[in-house]
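Accompanying notes for the structure given below.
The values are calculated or read from the model by the stated rules, or taken from the named source; none is laboratory data. Since the structure is predicted, the reported quantities are computational estimates derived from the model, not experimental observations. Because the Cβ atoms are built from the backbone with ideal geometry, glycine has one as well, and the counts that use them run over all protein chains shown. Heavy atoms of the whole protein, side chains included, go into the accessibility calculation; ligands, DNA and RNA do not. Shrake-Rupley method; radii C 1.70, N 1.55, O 1.52, S 1.80 Å.
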Amino acid sequence: MFCFQCEQTAGCTGCSGSRGVCGKGQDTARLQDELTGVLIGIARASDGNEVTKSTTEIIIEGLFATLTNVNFDNDSIRELIRRAEEEKEKLIPKCSGCGSPCSRNENFDMESLWGDNEDIRSLKSLILFGIRGMAAYAYHAMALGYEDEEVNQFFYKALFAVGQEGDMEYLLPVVMETGEVNLKCMAMLDRANTETYGIPAPTEVTFAVDKGPFIVVTGHDLKDLEELLRQTEGKGINIYTHGEMLPAHAYPKLKAYSHLRGNFGTAWQNQQKEFQNLPGAVLFTTNCLMPPMDSYADRVFTTAAVAYPGLKHIHAVGGRKDFTPVIERALELGGYSERTEFTGINGGKKTVTGFGHNAILSAADKLIEAVNNKAIRHFFLVGGCDGAKTGRNYYTDFVKQAPDDTVILTLACGKYRFNDLDLGEAGGLPRLMDMGQCNDAYGAVKVAAALAEAFGCQVNDLPLTMVLSWYEQKAVCILLTLLHLGIRNIYLGPSLPAFLSENVLGYLVENYNIRPISSAKEDLKRILAEE
Ligand code: FSO
Ligand code: SF4
């Protein structure tokens, strides 16, 4: 196997041998490559042939299944391959009886990509990993009935490019287009979430678990959470968010369920510790799933794109999911015998979420005044994924050491390193504002654009610095979006992607001044000195 798509890749170069650092086995990695190869085959066959809704669905599902920490289940990947082949056949009915080797619809051999010239491999990886991340967002929007033709069409174009002979001149624009289209995709998901569940508002969330049966819901899919809330109403079961599900508390229509009680646990990489002997059931709606330990595997359920051998998967039947097995397991386990207090990483008992772009921009006047009268000197977007590396303490240090006249915007699961801290206020505004999940990077872009307009400058001239942590492929598509918008001086860590070749990294540094993080102290000093 070969895989280097995520930040924890072995030796910062690539996972090989029998198992990746994430726990993905070589057989699964090979099947995921095979699946990607068939998706490229579909993109090739779509040239001149009309695709249907089901063709695009398998492209999106297939890409999502290959994201880090999503699908470890060979049988379900084989089923995706079967469905993908079936869709490809539908596109090319006339080809079935033709023996001519035109290669127009051939599947792509991913081995040829992994063994390619390192710059080509690097650019194609940026495209492929970028659309894998984007597919996750398109999938969530699709679950709420939202689609965008331009986004859908781009999946075909990008997959085609990955399977195509091409030089830097051909591939670089597709890399940049991935960022551009991902912005549209995140905007679509923002619309889907807010039109379905209302505009998020700042909401305090506790880390305590009440007495009695409960279910912990993790991942990013609000629709699955809503369905579970509906099915557990009046059953004496409380629901707790985990990981990237935390921002759900801020959506009025989800908050309206009184049994959506609080948040359990922190970011994904702590799940094996936090779920040990948990007296409640756990539902994974998306990544990041770690191989479950024996002490809790019998209470973990998966749904949608997530799958793991031996774990019970809740399928949609006729568009509806029946969460009865999860509910029954929670009732059997019974929960804690009394209210149990937990804390965040820094000992805090609660956090506040729900500072989406609407909430922040509704306070725009106050914010502008605070900048003008120097009550706020600088904004930092400290956001992105969490992970297990010790170097990630940088982000906690950065937030703790940021001066009192600075404001921290945050999003995604990296925030658990500091979201239980009380940082007080600056200019009458909270110094720490949680904008939501990783896809709410769209909101951060909107806030930055609105501030630039208010101050009559470019986003790059604002007193705003992005300090990002990456782990998996959604972070890749978000980074490409920021580059597409021309945002410079991004601090990126904890390490740079292994799939960036020296030349491609050189291009990004030269054109966007991407900077690897150093130490919180040094970086803060440098950023504030450059103001
Ligand atoms: Fe984290 Fe995992 Fe949201 Fe990622 S839970 S690491 S960027 O999947 O998607 O932030
Ligand atoms: Fe390795 Fe990451 Fe790939 Fe898993 S997803 S095999 S950890 S590079």
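Identify the residue in the stretch 17-52 that is within 9 Å of ligand 2 (Cβ to nearest atom) and assigned to a loop (DSSP other than H, G, I, E, B) and, among all such residues, is surrounded by the most Cβ atoms within 10 Å (Cβ to Cβ). Top of the filtered list is G20.
Within the stretch 397-410, the set of residues being open to solvent by less than 10 Å² (accessible area, probe 1.4 Å) and farther than 13 Å from R431 by Cα comprises just one member, F398. Inside the stretch 1-38, residues that are closer than 18 Å to L128 by Cβ, within 16 Å of ligand 1 (Cβ to nearest atom) and of a type outside the set (A, V, I, L, M, F, W, C) make up a count of 5. All conditions but one from (1) among the acidic types (D, E); (2) within 16 Å of ligand 2 (Cβ to nearest atom); (3) open to solvent by 30 Å² or more (accessible area, probe 1.4 Å) apply to E472; the one that does not is (3). Within the set R377, R329, R339, the sole residue that is among the basic types (K, R) and open to solvent by less than 80 Å² (accessible area, probe 1.4 Å) turns out to be R329.
Filtered by the rule that a residue be at pLDDT 95 or above and surrounded by fewer than 16 Cβ atoms within 10 Å (Cβ to Cβ), the stretch 380-396 gives a lone residue, N393.
Checking each residue in the stretch 58-78 for being more than 16 Å from ligand 1 (Cβ to nearest atom), open to solvent by 10 Å² or more (accessible area, probe 1.4 Å) and under 12 Å from A305 (Cα atoms) picks out E61, D73, S76. For L451, which of the numbered conditions (1) assigned to a helix (DSSP H, G or I); (2) in contact with a strand residue (DSSP E or B) (Cβ under 9 Å, 6 or more places away or on another chain); (3) under 28 Å from L128 (Cβ atoms) fails to hold? Here L451 meets the rest and fails (3). Take K366 and tell me if it is open to solvent by 40 Å² or more (accessible area, probe 1.4 Å) and at pLDDT 95 or above. Taking the combined requirement at face value, the residue satisfies it. Those strands (runs of 3 or more DSSP E) of the stretch 367-446 in which at least 1 residues are within 30 Å of A135 (Cα to Cα) and small (G, A, S), considering only elements entirely within it, cover 378-384. Looking only at the stretch 181-212, which residues are outside any helix (DSSP H, G or I) and in contact with a Lys or Arg (Cβ under 8 Å, 6 or more places away or on another chain)? Residues satisfying the conditions are G198, T203, E204, V205, T206, F207, A208, V209, D210, K211.
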